[in-house]
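Read through the structure below, which is laid out as structure tokens, and then see the notes.
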Amino acid sequence: MTTVYDLKQTLNSGLRQAKKEFMSSSGRNGHPKHANKYAWKPNAGHKKNETEVGGKLRPFSQITGVCGRCKDQIEWKRNQS
């Protein structure tokens with residue numbers, strides 16, 4: 001004869017098994033296999049609109065009216081994007 005306790009245990013074990021199956025099939029668990037060497041950037045090195053300032057059809061203007069240190073920083077920033 002089955003008791004209420006046996007029925008509860010059977011139900012709980014079935015729920016635990018269902019939860020394990022759901023968790024394992026839903027996605028990855030744990031740490032990544034490796035770290036990326038550099039961050040992915042969409043359209044890196046490619047301007048969407050070439051008529052934008054800095055594109056092939058409209059290059060950047062010359063940097064004038066600033067000190068040498070500021071000019072270096074502006075040039076560095078332009079080369080970043």
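Points to keep in mind about this one:
- From Gly54, Gly65, Gly30, residue being outside any helix (DSSP H, G or I), out of contact with any His (no Cβ under 7 Å at 6 or more places or on another chain) and either basic (Lys, Arg) or at pLDDT 85 or above (or both): Gly65
- Close Cβ contacts (under 8 Å, 6 or more residues apart or on different chains) running from residues in segment 67-79 that are closer than 22 Å to Lys56 by Cα to residues that are at pLDDT below 90 and in a loop (DSSP other than H, G, I, E, B) comprise Lys71/Ile63; Ile74/Ile63; Glu75/Ile63; Arg78/Gly54; Arg78/Phe60.
- Verdict on Thr2 being modelled with pLDDT of 75 or more, among the β-branched types (Val, Ile, Thr) and in a loop (DSSP other than H, G, I, E, B): no
The values are calculated or read from the model by the stated rules, or taken from the named source; none is laboratory data. Since the structure is predicted, the reported quantities are computational estimates derived from the model, not experimental observations. All Cβ positions, even for glycine, are placed from backbone atoms using ideal geometry, and neighbour counts span all protein chains on display.
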